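No lab work stands behind these numbers, since they all come straight from the coordinates. Being a predicted model, the structure only gives us computed values, none of them experimental. Using ideal geometry, Cβ is built from the backbone for each residue, glycine included, and neighbour counts are taken over all protein chains shown.
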Amino acid sequence: MLDKKGRNIDYLRVSLTDRCNLRCIYCMPEGGVEKKCHEDILRFEEVEKIITACGALGIKKVRFTGGEPLVLKGLDKLISHAASMPGVEDISLTTNGILLADMAEDLKRAGLNRVNISLDTLRADRFKEITRLGDINKVFEAIEKCISLGMVPIKINAVLMNGVNDDEIGDFIKLTLDAPVQVRFIELMPIGEGMKYFDKCSMKVEEILERFPELVPVQSDNGVASVYKMPGAVGTVGLISPVSCKFCGDCNRIRLTSTGAIKPCLHSAEEINIKPYIDDQQKLIEVIKSAVYNKPEEHHLDTDKKSETDRMMFQIGG
């Protein structure tokens, strides 16, 4: 699918729920989120129809996110459906990893190719502070399980926060020396709960290169990360800069919220409700195609220092 700027949109991110079993300080309200009515959330059968329509339009990659997608039952069946779609070449998952170790084998069998695990600290006490809940050992178990299953390289997503976890940058980089992982440092974005921390805690990923000049650039997979490597390391380090150096010109993705809206741009207020068209495949295809064609050219985080979307990050998906 081409948008009006000629970008090839072949990547669909599907947020399955806004619920999560953690309460990360820059993402979730401390008290959690108000539960939506069952009829407000897309059923898996409806998600399957949307993925089928997107596959017909040229979507090649599908990522399932949340909230936390693993709190939902039956995800393996949804993954299996997506993997069976003609043209879909890659199925991935973003998760906090708490429930992953016990589910990884079934998910891989269903067709899951890759996992991104959100982990902002390697310290148990700090993990409790940042997530307000959870056992970091379960995340470590999930990483080891995925490695044992050959689901590599595992991408570990760490939101970079000055004064919160920037003293662990070196420890994260050390993980890449002997393990098939890509540690990805992501700039804190001024969206939702992140607005409370942005002025005080935001920092540019370029500061990592200043602190660790021994990192050398390597050829990337054409994703959003600039990829580096320590000499002799098994894994790699990715730097993602949505604020200081946006990558809108190469953006290839659209997002589906759990309530049935297409978001052509993460930081745009624009959304297209496609729930009314789910049972009319031809109309559904037309609406999605139009949404893609009119995808905004760029966001303005670098100048406005605030996302234009009214949604919280857990309502959109990572």
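Figures for the structure shown
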{"item": "For the range 149-227: relative contact order, % (alpha-carbon pairs under 8 angstrom, 6 or more apart)", "result": "30"}
{"item": "For ARG63, residues with placed amide H under 5 Å, excluding near neighbours", "result": "LEU12, ARG13, VAL14, SER92"}
{"item": "For the range 93-189, alpha-carbon Rg relative to the globular expectation (2.2 N^0.38 Å, N residues)", "result": "1.05"}
{"item": "Degrees separating the helix 136-148 axis from the principal Cα axis of the chain, which is the longest one", "result": "70"}
{"item": "Whole-number percent relative contact order across the chain, with pairs defined as alpha carbons under 8 Å at least 6 apart", "result": "22"}
{"item": "Extension reserve of the ASN162-LYS60 stretch, reckoned as 0.36 nm per residue once the Cα distance is removed", "result": "33.1 nm"}
{"item": "Cα long-axis angle, helix 75-84 against the chain (0 to 90 degrees, to the nearest 10)", "result": "70"}
{"item": "Cleavage-rule hits (GluC sites (Glu not before Pro)) in the range 27-61: DSSP loop, at most 11 neighbouring Cβ within 10 angstrom", "result": "GLU30, GLU34"}
{"item": "Antiparallel DSSP beta bridges within the chain, percent to nearest 5", "result": "25"}
{"item": "Given LYS77/LYS289; LYS138/LYS196; LYS128/LYS200; LYS49/LYS289; LYS5/LYS295; LYS155/LYS229, the pairs whose alpha carbons are separated by over 18 Å", "result": "LYS77/LYS289; LYS138/LYS196; LYS128/LYS200"}
{"item": "Contact order relative to length of the range 251-292, as percent, for alpha carbon pairs under 8 angstrom and 6 or more apart", "result": "29"}
{"item": "Computed magnitude of the charge dipole of the chain (debye, nearest 20; Cβ of K, R +1, Cβ of D, E -1)", "result": "440"}
{"item": "Signed unit charges on C-beta, dipole axis of the chain, positive-most listed residue ILE25, THR131, SER80", "result": "SER80"}
{"item": "Helix 281-293 vs. the chain, principal-axis angle (Cα, 0 to 90°, nearest 10)", "result": "50"}
{"item": "Candidates ASP120, ASP135, ASP166: whichever shows maximal mean-square fluctuation once the chain is modelled as a Gaussian network with Cα springs under 10 Å", "result": "ASP135"}
{"item": "Dimensions (Å) - the chain, Cα atoms, principal axes, largest first", "result": "53, 43, 41"}
{"item": "Given charges at beta-carbon only (K, R positive; D, E negative), |dipole| of the range 1-124 in Debye", "result": "340"}
{"item": "Extended-chain gain in nm, criterion 0.36 nm per residue less alpha-carbon gap, LEU149 and PHE44", "result": "35.2 nm"}
